[in-house]
Amino acid sequence: MASHRHKHWTADPTTVLRVGKGFRLDRTDPEATPGYHRRKRDSVDDLVAGSDELSDLQERLYASSRGESDAAGSVLLVLQAMDTAGKGGIIRHVVGSVDPQGVQLAAFKKPTTEELAHDFLWRIRARVPEPGMIGVFDRSHYEDVLIGKVRSLAPDDEIERRYGAIVDFEKELTDAGTRIVKVMLHISPREQRDRLMERLDRPDKHWKYNPGDVDERKLWPEYMRAYQAVFDRTSTSNAPWYVVPANHKWYARLAVQSLLLSALLEIDPHWPAASFDVATERERLSAT
């Protein structure tokens, strides 16, 4: 099917945003808009057109899993970022443009006592998307190697073990037909400060403010090094990382939308064939 996902892009987002060999997070400008050079006001039409295409592909994917064929795949969008980077906006404005019955959202918080009694991937495995679904991890298994490393919640050898376990786990998923889109929304410390300040300035945003975010800001360099280690150890050919500059929310939404569209087009879902005789049913219906 024809696609409009790159209509006004000067470069394919799956290429310019992909974490490859030699990638350096500290050389990535959060203000940049790689591969897209239109203005914010011009981007609205592209987001709307992409939403229409995304909705169509998602419906085809969902429908294909309801047919008699067992070939339906799934998509898993992994969103990681520092606080205020825009994960919620991606979920509302990008994922929110499709039929919610075809979406499985998991927001992983601090592990419960029961979850801590199991391996760190135990709670993750329970939330992977079923065939025909788009799964979204708002934070994910990567918290266990990011916060775990920065806050020294696990020894170095355990962090190393987890990197390997993550690579194996994601290989299992992709071998089973799940396209994994791993996105780090990259904002600057200054942009985060401005967004946090806005939450303090607006009473309707106070509920979103967490005093602990200020404590995490003090560890920004440590978090950036932890993210770099994640990219070095877990960006693979079957499940690569994409770093999306996110100081401009509109760009981040367009970029993630395009990455999702690319994943769905790789699956190329088709409408399932009818499990009944269409002509017969037409006659029966006409007779009523």
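The values are calculated or read from the model by the stated rules, or taken from the named source; none is laboratory data. Every value quoted in this text rests on a predicted model; they were computed, and no experiment measured them. A quick note on method: Cβ atoms are made from the backbone with ideal geometry, for glycine too, and the neighbour counts reach across all protein chains shown. What goes into the accessible areas is simple: the full protein's heavy atoms, side chains included, and nothing from ligands, DNA or RNA. Shrake-Rupley method; radii C 1.70, N 1.55, O 1.52, S 1.80 Å.
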Connecting every pair of Cα atoms under 10 Å apart in the chain and solving the GNM, the largest mean-square fluctuation among Ala176, Ala263, Ala273 falls on Ala273
The alpha-carbon center of the stretch 6-63 and that of the stretch 159-222 are separated, in whole Å, by 19
Once the dipole of the stretch 50-140 is set up from charges on Cβ (+1 Lys and Arg, -1 Asp and Glu), the residue from the list Gly50, Gly96, His118 lying farthest towards its positive end is His118
Under 5 Å between amide hydrogens, which residues at least 5 positions from Leu76 or on another chain qualify, with H placed 1.01 Å from N in the peptide plane?
Gly135, Arg179, Ile180, Val181
Given Cβ charges of +1 for Lys and Arg and -1 for Asp and Glu, the option among Ser258, Gly212, Val244 whose Cα lies farthest towards the positive end of the dipole of the stretch 176-288 is Gly212
Helix 220-234: inclination vs the chain longest Cα principal axis, degrees, rounded to 10, gives 50
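Return the carbon/sulfur percentage of the accessible area of the chain, one whole number, probe 1.4 Å, all protein chains in place. Write out the running numbers ahead of the final one.
On the way: 7510 of 15040 Å².
That share works out to 50 percent.
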Could you order Glu53, Glu281, Glu158, Glu130 by accessible surface area, starting with the largest, using a probe radius of 1.4 Å?
Glu130, Glu281, Glu158, Glu53
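Hey, can you find the accessible area per residue of the stretch 230-273 for me, probe 1.4 Å, expressed in square angstrom? Write out the running numbers ahead of the final one.
Working: 1430 Å² over 44 residues.
Per-residue value: 33 Å².
Could you check what % of the DSSP bridge pairs in the chain are antiparallel, to the nearest 5?
Numbers: 2 of 25 bridges.
Of those bridges, close to 10 percent are antiparallel.
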Residues in the stretch 87-105 near a label at Ser55, defined as backbone nitrogen under 18 Å from the 7 Å Cα→Cβ point?
90-104
Accessible area (Å², 1.4 Å probe, nearest 10) - Arg24
90
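Lys and Arg at +1, Asp and Glu at -1: add these up for the other residues within a Cβ distance under 14 Å of Arg38 and post the number.
Details: positive: Lys7, Arg39, Lys40, Arg41, Arg253; negative: Asp42, Asp45, Asp46.
So the surrounding residues net to +2.
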